[in-house]
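**Student:** Take a look at this one; I'll ask things after.
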Amino acid sequence: MAQTRRIDDFGGVTLDDAAIADAANALAAAERDRSQIRLLSETYPGMTMDDAYAVQAAWVRMKRAAGDPAIGWKIGLTSKAMQAALSIDIPDSGVLLGSMAFANGADIPAGRFIQPRVEAEIAFVMKETIDPARASAEAILAATDYVAPALEILDTRITRLDPHNGRPRTVCDTIADNAANGGIVMGEPVRDLAGLDLRFVGAVVSRNNEVEETGLGAGVLGDPLQSLVWLVERLAAYGDRIEAGQIVLSGSFIRPVEAPPGSRFIGDFGGFGRVSCCFL
């Protein structure tokens, strides 16, 4: 069994600026052309997680320079099953951009994504900037404006299996690909946070009226708030932070569900709310 990698084993940046720019440009071309590229971990053997985050940051800079603002963060690989699949024992993170936000009930245009899948999550919207020195569940909850049921749309600009040797992607491929983020659909705000235990917020996710997955918030590192604690600490190591007004997707508590054309998804979170979208 492959050895798992820890939060203090990001490996340092080993790629030079030209390689990082080339990788980011390849991701941008894949998104533009709706055509996946091969694994970056094959193109750049020995790629580290720090390299992967550097590629992600370069891609995000390109998007922002083109007028697509950053609106928050997403946390991925929060379940034991997904971590085991990539031989890692920590989450990863990506950046949410303005173009990724869809209204509740939205029709997703045909061809918008390459290979979309859907996950159920709890979204946080912050009213205060988080001080990394106060990275606790209590401090994060106090800085939260509201939470909401959400569906995350995953998309992969990097192929899931290398076309030449069949090897599956690594965590470095996923991180470089902005943690496979494609879009976000949020439901109505839940503002009464007093006494709300997010561990027991659950969802029934159906596709075309058939239940595909169910799950509880506890599937996200035991508590979605702990997921945000991890993100605060990780961002601080890179000189970033969660800022007031930003959205944070805390991590999925279901497996990804494929979203081919004609798929209508409903995430029923019970008393917590409902969120839906349809892929045309």
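**Student:** Please provide three numbers in whole Å: the alpha-carbon extents of segment 27-172 along the principal axes, with the largest listed first.
**Tutor:** 49, 35, 31
**Student:** Apply the Karplus parameterisation 6.51 cos²θ - 1.76 cosθ + 1.60, with θ equal to phi minus 60°, to every residue of segment 101-117 and state each ³J(HN,Hα) to the nearest whole Hz, in sequence, with x for glycine and proline.
**Tutor:** So the J values, rounded to whole Hz, are 8, 10, 6, 4, x, 5, 8, 8, x, 4, x, 5, 10, 7, 8, x, 9.
**Student:** Same structure, new question: Report the dimensions of segment 94-185 along its three principal axes from the alpha-carbon atoms, largest first, rounded to Å.
**Tutor:** 49, 33, 19
**Student:** Residues with amide H under 5 Å of residue 73's amide H, sequence separation 5 or more or different chain, H placed in the peptide plane at 1.01 Å from N; which?
**Tutor:** Counting only residues 5 or more places away or on other chains, the set is 96, 247, 248, 249.
**Student:** Add -39500 (n - 2.57) for each DSSP H run of 4 or more in the chain, then divide by its residues: what number comes out at 222 nm, to the nearest 500 deg cm²/dmol? If you can, show how the numbers build up before the last one.
**Tutor:** Working: 7 runs with 70 residues, N = 280.
Computed mean residue ellipticity for the chain: -7500 deg cm²/dmol.
**Student:** Would you mind pulling out the separation of the Cα centroids of segment 108-132 and segment 13-65, in Å?
**Tutor:** 21 Å
**Student:** Explain nothing, just compute: Karplus ³J(HN,Hα) = 6.51 cos²θ - 1.76 cosθ + 1.60, θ = phi - 60°, for every residue of segment 23-29 in order, whole Hz, x for Gly and Pro.
**Tutor:** 5, 5, 5, 5, 5, 5, 5
**Student:** Let me ask something additional. Compare 14, 43, 156 in a GNM of the chain, Cα atoms joined below 10 Å, and give the one with the largest fluctuation.
**Tutor:** Of 14, 43, 156, the most mobile in the Gaussian network model is 43.
**Student:** Rounded to the nearest 0.05, what FRET efficiency is calculated for residue 84 and residue 240 with R0 set to 30 Å and r the Cβ-Cβ distance?
**Tutor:** Details: r = 28 Å, r/R0 = 0.92.
That pair, residue 84 with residue 240, gives E of 0.60.
**Student:** Where the only charges are on Cβ atoms (+1 Lys, Arg; -1 Asp, Glu), what is the dipole of the chain about its Cα centre, to the nearest 20 debye?
**Tutor:** Details: 26 positive and 37 negative charges, 90 e Å.
For the chain, the charge dipole is close to 440 debye.
**Student:** Let me ask something else. Dipole size in debye (nearest 20) for segment 44-169 around its Cα centre, Lys and Arg Cβ +1, Asp and Glu Cβ -1? Kindly include the intermediate steps, with their values, before the conclusion.
**Tutor:** Working: 13 positive and 15 negative charges, 81 e Å.
The dipole of segment 44-169 has a size of about 380 debye.
**Student:** Residue by residue through segment 68-78, which ³J(HN,Hα) values in whole Hz follow from phi under the Karplus form 6.51 cos²θ - 1.76 cosθ + 1.60 (θ = phi - 60°), with glycine and proline marked x?
**Tutor:** 9, x, 6, 10, x, 9, 10, 10, x, 6, 9
**Student:** Using the Kirkwood formula over every pair of different C-alpha atoms, what hydrodynamic radius in Å results for segment 143-277?
**Tutor:** Numbers: mean 1/r = 0.0605 Å⁻¹.
The answer is 16.5 Å.
**Student:** For the chain, what is the Kirkwood estimate of the hydrodynamic radius, computed as the reciprocal of the mean inverse distance between distinct Cα atoms, to one decimal in Å? Working shown, then result.
**Tutor:** Numbers: mean 1/r = 0.0531 Å⁻¹.
Kirkwood hydrodynamic radius for the chain: 18.8 Å.
**Student:** Right, something else. Leaving out ligands and nucleic acids, and using a 1.4 Å probe, what accessible area per residue does segment 51-190 come to in Å²? Display every interim value, and only then the final one.
**Tutor:** Details: 4810 Å² over 140 residues.
For segment 51-190, the per-residue accessible area is 34 Å².
**Student:** Hey, can you grab everything whose amide H is under 5 Å from the amide H of residue 146? Only 5+ residues off in sequence or another chain; H modelled, so Pro and N-termini drop out.
**Tutor:** It is 125, by chain and number.
**Student:** Calculate, for residue 134 and residue 70, the FRET efficiency according to 1/(1 + (r/R0)^6) with r their C-beta to C-beta distance and R0 25 Å; round to the nearest 0.05. Can you show the working numbers first?
**Tutor:** On the way: r = 22 Å, r/R0 = 0.89.
The pair residue 134/residue 70 has a calculated efficiency of 0.65.
The values are calculated or read from the model by the stated rules, or taken from the named source; none is laboratory data. Since the structure is predicted, the reported quantities are computational estimates derived from the model, not experimental observations. Positions of Cβ are generated from backbone atoms using ideal geometry, with glycine treated the same way; all protein chains shown enter the neighbour counts. The protein model used for the area step is the full one, side chains on, heavy atoms only, and it has no ligands, DNA or RNA in it. Shrake-Rupley method; radii C 1.70, N 1.55, O 1.52, S 1.80 Å.
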